[in-house]
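Worksheet for the structure shown next.
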Amino acid sequence: MTIFMGMAEEATFRVKTGLAEMLKGGVIMDVVDAEQAKVAEEAGACAVMALERVPADIRRDGGVARMSNPRMIKGIQDAVSIPVMAKARIGHFAEAQVLQSLDVDFIDESEVLTPADEANHIDKFEFDAPFVCGATNLGEALRRLGEGAAMIRSKGEAGTGNIVEAVRHMREITSGIRHLGTLTSTELPTAAKNLAAPLELVRDVATTGWLPVPLFCAGGIATPADAALMMQLGAEGNFVGSGIFKSDDPERRAKAIVEATTHFNDPERVTAASERLGDAMPGIEMSALGEDAKLAERGW
Amino acid sequence: MPNGAGSPGPAQAGAPLRIGVLALQGGFAAHLKHLGSVGALGVEIRRPGDLVGLDGLILPGGESTTITMGMEQYGLVEPIRDLISAGRPILGTCAGMIVADSDHLGLIDMTTRRNAFGRQLASFEEDIELTGMDGRPFRAVFIRAPWVEELGEGVEVLAEVRGHPVAVREGKMSAFSFHPELTDDNRLHSWFVDQCRG
């Protein structure tokens, strides 16, 4: 593709994770049309995630949730100048090929959509577009990195407006990282076996004390305080799905969640951002979800 | 939090320089790491009080709309202009280059084009020739990068890629459309810290 100088390299791991680095400290918002995308951009979103239905509606409507209509994605790309992400089903590499040919900036291989392959995730090294994947613990995060993901997010429990699962997953991942740091090099192969994760990545995390890619939170953020909580727990940025456009006043809530993500360590700012908001999305208690309704259990 | 209580002016000889990195959104963490590697003290800037006692400021990459809105909302625009009036050097990278242009903070007499090379699939890394970097090539990582569209007479071009300026300097202000913080090479940070030492 490069015709100048002959030295430029595209789609290197550094170029892929580089975009994830630039999203840090920001909020990526789920949007279903160009109008919502504009609202998100004007509220300070650092990227938007284009999808057909927000997770709360996918839960309500049931049926098979698939990649969005390309025309809708193009409409969103035309409407905003910030990066546009889109979701492919777990294992559905042909959907990912379509998204790449649409020139989306990031592909989310997402458990929010109905999985296409119950055994295998997409071989993400095959693609030039960077991928973000969900994880519930460190082993899962490292397996996704072993397949070529350039960014990890907690799975949480999308579409519930309940932060409890995101907290669980973020703590699982960060405490897993801390634990690796306490092991000797002799103990790391066994740790890799127990995590079912590539040894090379386990060694890397044990040495650096962090994932080799940015770690974001997703799945359940509904309020500014939720956003601040996840940042204090170690998230480097937040995805917000149903929490914004399923609330009373999406514009104001979007801005407030952006502010709380930036000033996560400043309770006065988070307080100010939390005032004068309408009602948050209603939310679902986990025990009210049947086991087969838990999206986080999709993928391995 | 490192704010308000900082020293009132530039650091004394021997003390590490305090260099602020605007930390509203984007790639600020990697800049802080590089500053540490060249012996400077990096300070996260989120509020006007954080700007007190700085020897220089970095405007990092990220989303320029998000960063620009945050600067206005949190009252950072005027204090940053004051920093310039006080003669402190400022360096912008990627979105920070856009923030520094004539349509935004007006730190450098130039206009920029956002996402000039294209979307993420067109992002790339390349060895470039960068003035002031002792002749060895500089690995430049371009992520949805801008370039300089038009520039004023007083603006010096430090590097070009595909015929467009991607590194410029005017007085104590400099801007780069690539990400020196994403490689292990800290020559550019070292160059900037030298300028801050005055």
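The values are calculated or read from the model by the stated rules, or taken from the named source; none is laboratory data. Predicted model only: the values in this text are computed from it and were never measured. With ideal geometry, Cβ positions are generated from the backbone for all residues, glycine too; neighbour counts draw on all protein chains shown. Side chains included, ligands, DNA and RNA excluded: accessible areas come from the protein's heavy atoms. Shrake-Rupley method; radii C 1.70, N 1.55, O 1.52, S 1.80 Å.
Answer with yes or no whether residue A:166 is closer than 20 Å to residue A:56 by Cβ, open to solvent by less than 10 Å² (accessible area, probe 1.4 Å) and either in contact with a Cys (Cβ under 9 Å, 6 or more places away or on another chain) or at pLDDT 95 or above (or both). It is true that residue A:166 is closer than 20 Å to residue A:56 by Cβ, open to solvent by less than 10 Å² (accessible area, probe 1.4 Å) and either in contact with a Cys (Cβ under 9 Å, 6 or more places away or on another chain) or at pLDDT 95 or above (or both). Does residue A:135 satisfy the criteria of being of a type in the set (A, V, I, L, M, F, W, C), touching a His at 6+ places or on another chain (Cβ under 8 Å), away from chain B (no Cβ under 14 Å) and under 24 Å from residue A:231 (Cβ atoms)? The answer is yes for residue A:135.
Here's the yes/no breakdown for (1) under 20 Å from the mean Cα position of the chain (by Cα); (2) away from every other protein chain (no Cβ under 14 Å); (3) surrounded by 24 or more Cβ atoms within 10 Å (Cβ to Cβ); (4) assigned to a helix (DSSP H, G or I):
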| residue | (1), (2), (3), (4) |
| --- | --- |
| A:37 | yes, no, yes, yes |
| A:40 | yes, no, yes, yes |
| A:48 | yes, no, yes, no |
| A:52 | yes, yes, no, no |
| A:60 | no, yes, no, yes |
| A:65 | yes, yes, no, no |
| A:73 | yes, no, no, yes |
| A:86 | yes, no, yes, no |
| A:94 | no, yes, no, yes |
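Does any residue of region A:276-295 turn out to be open to solvent by less than 40 Å² (accessible area, probe 1.4 Å), within 14 Å of chain B (Cβ to nearest Cβ) and not small (Gly, Ala, Ser)? Scanning region A:276-295 turns up no residue that is open to solvent by less than 40 Å² (accessible area, probe 1.4 Å), within 14 Å of chain B (Cβ to nearest Cβ) and not small (Gly, Ala, Ser).
Restricting attention to region A:229-277, the residues being in a loop (DSSP other than H, G, I, E, B) and of a type in the set (D, E, K, R) number 7. Name every residue in region A:141-163 that is part of a helix (DSSP H, G or I), crowded, with 24+ Cβ neighbours inside 10 Å and out of contact with any helix residue (DSSP H, G or I) (no Cβ under 6 Å at 6 or more places or on another chain), in order of residue number. Result: A:144, single match. Cβ-Cβ distances below 9 Å connect the following pairs, each with a first residue in region A:179-205 that is under 18 Å from residue A:149 (Cβ atoms), a second residue that is open to solvent by 80 Å² or more (accessible area, probe 1.4 Å) and outside any helix (DSSP H, G or I), and a separation of six or more residues or different chains: A:196/A:300. Residues of region B:114-146 that are within 17 Å of residue B:98 (Cα to Cα), touching a Gly at 6+ places or on another chain (Cβ under 9 Å) and more than 9 Å from chain A (Cβ to nearest Cβ): B:145 alone. Look at region B:159-173: where a residue is within 11 Å of another protein chain (Cβ to nearest Cβ) and over 25 Å from residue B:84 (Cβ atoms) and a partner is in a strand (DSSP E or B) and open to solvent by 50 Å² or more (accessible area, probe 1.4 Å), sitting 6+ places away or on another chain with Cβ atoms under 9 Å, you get B:164/B:113; B:164/B:149. Among the residues of region A:238-259, those identified as more than 12 Å from chain B (Cβ to nearest Cβ) and out of contact with any strand residue (DSSP E or B) (no Cβ under 6 Å at 6 or more places or on another chain) are A:242, A:243, A:245, A:246, A:247, A:248, A:249, A:250, A:251, A:252, A:253. Output the residues belonging to region B:149-182 that are open to solvent by 60 Å² or more (accessible area, probe 1.4 Å) and of a type in the set (A, V, I, L, M). Once the filter is applied, which keeps residues that are open to solvent by 60 Å² or more (accessible area, probe 1.4 Å) and of a type in the set (A, V, I, L, M), region B:149-182 yields only B:151. Residues that are open to solvent by 40 Å² or more (accessible area, probe 1.4 Å) and not in a helix (DSSP H, G or I) within region A:194-208 comprise A:196, A:198, listed in sequence order. Scanning region B:21-55 for residues that are open to solvent by 10 Å² or more (accessible area, probe 1.4 Å), assigned to a loop (DSSP other than H, G, I, E, B) and among the charged types (D, E, K, R) turns up B:46, B:47.
Applying a threshold of 6 Å to beta carbon distances and a minimum spacing of six or more residues, or different chains, the list of pairs starting in region B:126-154 at a residue that is without any contact (Cβ under 8 Å) to a residue 40 or more places away in the chain and ending at one that is open to solvent by 70 Å² or more (accessible area, probe 1.4 Å) reads B:126/A:7; B:127/A:7; B:127/B:137; B:147/B:113; B:149/B:113. The single condition among (1) touching a helix residue (DSSP H, G or I) at 6+ places or on another chain (Cβ under 6 Å); (2) open to solvent by less than 20 Å² (accessible area, probe 1.4 Å); (3) not in a helix (DSSP H, G or I) that residue A:216 does not satisfy is (1). In region B:20-41 there is no residue that is hydroxyl-bearing (Ser, Thr, Tyr) and within 14 Å of chain A (Cβ to nearest Cβ).
Only one of the numbered conditions (1) within 14 Å of chain B (Cβ to nearest Cβ); (2) over 28 Å from residue B:66 (Cα atoms) is violated by residue A:113, and that is (1).
Within region A:82-108, track down each residue that is touching a residue at least 60 places away in the same chain (Cβ under 8 Å) and among the acidic types (Asp, Glu).
So in region A:82-108, the residues touching a residue at least 60 places away in the same chain (Cβ under 8 Å) come out as A:83, A:90, A:105-106.
Hit for region A:82-108 is A:105, nothing else.
Being within 14 Å of another protein chain (Cβ to nearest Cβ) and either of a type in the set (Gly, Ala, Ser) or open to solvent by 50 Å² or more (accessible area, probe 1.4 Å) (or both): is that true of residue A:227 here?
Yes, satisfied.
The residue of region A:7-35 that is farthest from residue A:107 (Cα to Cα), among those that are more than 14 Å from every other protein chain (Cβ to nearest Cβ) and in a helix (DSSP H, G or I), is A:35. Picking from residues in region B:56-97 that are open to solvent by 10 Å² or more (accessible area, probe 1.4 Å) and among the aliphatic types (A, V, I, L, M), the one that is nearest to the other protein chains (Cβ to nearest Cβ) is B:69.
Go through region A:107-139 and report how many residues are open to solvent by 10 Å² or more (accessible area, probe 1.4 Å) and within 15 Å of residue A:217 (Cβ to Cβ). Quick ask: steps written out before the conclusion?
Of region A:107-139, the ones open to solvent by 10 Å² or more (accessible area, probe 1.4 Å) are A:114-121, A:123, A:125-128, A:136-137.
Among the residues that remain, those that are also within 15 Å of residue A:217 (Cβ to Cβ) are: A:136-137.
Residues that pass the stated criteria total 2.
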